[in-house]
Structures are given as structure tokens and as C-alpha cells.
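In what follows, a single structure is set out as C-alpha cells and then discussed.
The values are calculated or read from the model by the stated rules, or taken from the named source; none is laboratory data. It should be emphasised that the depicted structure is a prediction, and the values quoted were computed from it without experimental measurement. Counting neighbours? That spans all protein chains shown, and the Cβs are built from the backbone with ideal geometry, glycine included. When the accessible area is computed, the model is the full protein with side chains, heavy atoms only, and any ligands, DNA or RNA have been set aside. Shrake-Rupley method; radii C 1.70, N 1.55, O 1.52, S 1.80 Å.
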Amino acid sequence: MSAAIQPYTLLDDEDCEARILAAREELGERLVILGHHYQRNEVFRHADFTGDSLKLSRQAAASKADYIVFCGVHFMAEVADILSRPEQVSILPDMSAGCSMADMANLQNVERAWKELSEVLNPDEMITPVTYINSAADLKSFCGEHGGIVCTSTNARHVLEWCFEQREKVLFFPDQHLGRNTGYTMDIPLDEMVVWDFDKPMGGLTVEQIQQAKIILWKGFCSVHQMFQPEQIDNFKQKYPETRVISHPESPFEVCQKSDYIGSTEYIINTIANAEAGTRWLVATELNLVNRLHEQYKHEGKNVHFMSPNVCMCSTMFRIDPQHLAWVLENLVEGHVVNQVSVPGDVAEQAKLALERMLEVSP
Ligand code: SF4
């Protein structure tokens, strides 16, 4: 029988640290721990691989490990399961670690949107569905089935270019900001990117708006990146005019427009890593990552600041704590798999198709 989580919640971080290290030693190459950039340090330091969700899943699939422990959120463990070999097992230390943005689109309301759009045009001939990787496996599967594709914040532009070679319009979910910010860099005017409000009949749009749209953006957003405001840039620059501003494309349009650089977490890390000593950076992405960059580069004379005056870390990422990590690892040592994330075969097959299309068009 597997050990229950409750006794682990009474352990302090130091005890967990020792037990995690001992379990890792015991499991050896049978285990790989993946750490997303937004994880807290007490967990992040145990990762064999660190990075964004797609990069990590691919690294895990290429490893010899039987057990993939994903320190991230639920959709990431799903992607790891979809891309892994059949004998590999994907594990999420805390099943309540979801993604509030991913939860803003579900299969039921996306299917309803597709049906409603078919009252105006033939979606299977005219619209390519695109889901951001931050979404449930059944939405990736929906895209696979309808000639659509997955994107990440790194390859969104290449994916959209591919989409417009297939069909004239795109339905982009769940993050409106990534869709809008990317579409705008492709010279698509704002009035040709309309927002589909999933709480309203016909998305709250008129027939003319749907007919004229190039991109129909789902009304979803990341609660962390939504907190950044253009005024925060203005205020900071009043004090430090030399500041370079770098933002994740999940941030609002107005923030991205005032930024010097826009890109994924990997892009943000690389840009700051390669910057000259003495530079000052204002960064719009999750707090744990920004704090880590600050610590890492202060010795090189780089100043890395978090954009918002309010603390905004990803509360669901934060659910993965040393206690849950120790719990899943010690269970594995005992031969018990707890918190396995397993995507049903038919869903995984179509989702994989949409992921493979993305990998083909990615640079
Ligand atoms: S930072 Fe935003 S998009 Fe990323 S996992 Fe958290 S809620 Fe989801």
C-alpha cells in the first residue's frame, strides 16, 4: 500500500531535502525530475532538467528513466505522458497543481464555439484551431482531429504562419494575449483579431465581426502575467531611464508594446544571460524566475527587477513543495506509483498529432 501524504506535511523543508536526496540516490537512472522555471527554489534545485514544458517533456522522453516526475502543472505532466515511451510513467507531485489559464478553455465550450461558428462559415474549411501548450490534452486532441496544431510561446509565430497557409482564419485558445501579441507582429490589425467570449452566445460577436476576423482569440489569460501594467514600466523608467524592458507574450498587449524585447521564458533567460555587465532589466514574468535571474547575474553587475510592485507568483506552480516531492519519490522507492498522469489512448493519439505538426513547423 502506498504511504499517505499526511505525515509528509508535518516535515520541514530540511528533512524533506535529505529524504529527497536519499530517494534519488536509490532510484538512480530510473528517475528523472523535471523542473519548470516557475518552480520555487527548494524544488527547482532537485531537477535533472530545467526549462519550459515542451523542452522538458522531450528531454524526459529521450532519457532512460522509467519515472518522469514533473515539477510543474497538470498539462505539463500530460504532455510528458503523451510524448513519452509507453513504458515510462508521468507523475505530478500534487494533482491540484493546475493552470488557471488552461482551465479557461474546456472541450465542451470549445466544441460549442466550433458549432456556433459553423452557423456563419464552414470551420473545417476556413478555420485552423490552435491551442497553446498550456491547455488540457483533450483540447490538443480537438486540434489534432480538426487539422489544427499546438503552439508554445517560442514558436507561436511559425505556427500561425503555417495555419494561414492551410486556412484563412485561426481560432486561438486559451490565451488571448499570446495570440494578439503574436498576430500583431505579423501585421494583423487589432480589429481583425476579435475576442470570443465563451460565456456569451456566438462569443458575443456579430456575423460581420466573425467574417472579417483573421484570428478569433479565446477570452482566456494568465492570472500572473495579467498583473503587469504599462504604468509600471513608465514609473520604473522615470527612476532608471536606461532600463531595458523584457516581457513574456502572455502579458497584456500594452505592456508588450512598451517592451524592448518580447519572448518566452527561455528567451528571457538567454537575453539576460548574454547582456553586457552593468545593464538594468525590468522583467514581466513569474516572480520565482525573476528572483533567480537576479541572484544569478548580480555578480556580473546586472540588475534584474520584477515589473509589478505586487507579488505575483503562480500559485498553482507553488503547490509543488518539497513535502509532495519527498512523498512521490519515497513511494517510488517502495515500488508504488502515486499521482500518475495518464492520458487515454484515443485522446493521446490525436493530441500527439497536433504536437507533431507543431514540432515539424518549429524552427
Ligand atoms: S504562470 Fe500562468 S500560464 Fe503559467 S502555469 Fe501559472 S497560471 Fe498557468
Can you list the GluC sites (Glu not before Pro) in region 245-315 that are in a DSSP coil and have 14 or fewer other beta carbons within 10 angstrom? 276
From a point 7 Å beyond the Cα of residue 115 in the direction of its Cβ, which residues of region 178-206 have a backbone N at a distance under 15 Å? 199-203
Considering all projection directions equally, how large on average is the shadow of the alpha-carbon convex hull of region 102-218, in square nanometres? 6.1 nm²
So if I restrict to the alpha-carbon atoms in region 279-361, what is the Rg, and what is Dmax, the biggest pairwise distance, in Å? 19.5, 52
Region 225-306, accessible area per residue, ligands and nucleic acids excluded (1.4 Å, Å²): 44 Å²
Net charge over other residues, Cβ less than 13 angstrom from the Cβ of residue 360 (K, R count +1; D, E count -1): -1
Convex hull of region 1-144 built on C-alpha atoms - directionally averaged projected area, nm²: 10.7 nm²
With 5 Å bins from 0: P(r) over region 206-363, alpha-carbon pairs, percent: 1, 7, 12, 13, 14, 13, 13, 11, 8, 4, 2, 0, 0
Using 0.36 nm times the number of residues separating residue 208 and residue 87, minus their current alpha carbon distance, what extension gain do you get? 38.5 nm
Given 115/140; 140/214; 237/298; 169/237; 258/302, which pairs have Cα atoms separated by over 27 Å? 169/237
For 144-157, 178-191, ranked highest to lowest by mean beta-carbon neighbours within 10 Å, the order is 144-157, 178-191
Net charge contributed by nearby residues that have their C-beta within less than 12 Å of residue 144 (K/R +1, D/E -1): -2
Distance between modelled label sites at residue 279 and residue 226, nm, 7 Å Cα→Cβ extension: 3.1 nm
By how many nm would the segment from residue 30 to residue 168 grow when fully extended, if each residue of separation counts as 0.36 nm and the alpha-carbon distance is taken off? 45.0 nm
Tell me the Rg and the Dmax, in Å, that the Cα atoms of the chain produce. 21.0, 63
Computed on Cα atoms, Rg of region 225-306 relative to 2.2 N^0.38 Å comes out at 0.98
Compute the signed sum of charges (Lys and Arg +1, Asp and Glu -1) over the other residues within less than 11 Å, Cβ to Cβ, of residue 343. -3
Percent carbon-and-sulfur accessible area, the chain, ignoring ligands, DNA and RNA, probe 1.4 Å: 48 percent
Å² per residue, accessible surface of region 1-106 at 1.4 Å: 43 Å²
So if each residue of separation counts as 0.36 nm, and I subtract the Cα-Cα distance between residue 41 and residue 240, what length gain in nm does that give? 68.8 nm
So what is the accessible area of region 140-179 per residue, in Å², with the probe set to 1.4 Å? 28 Å²
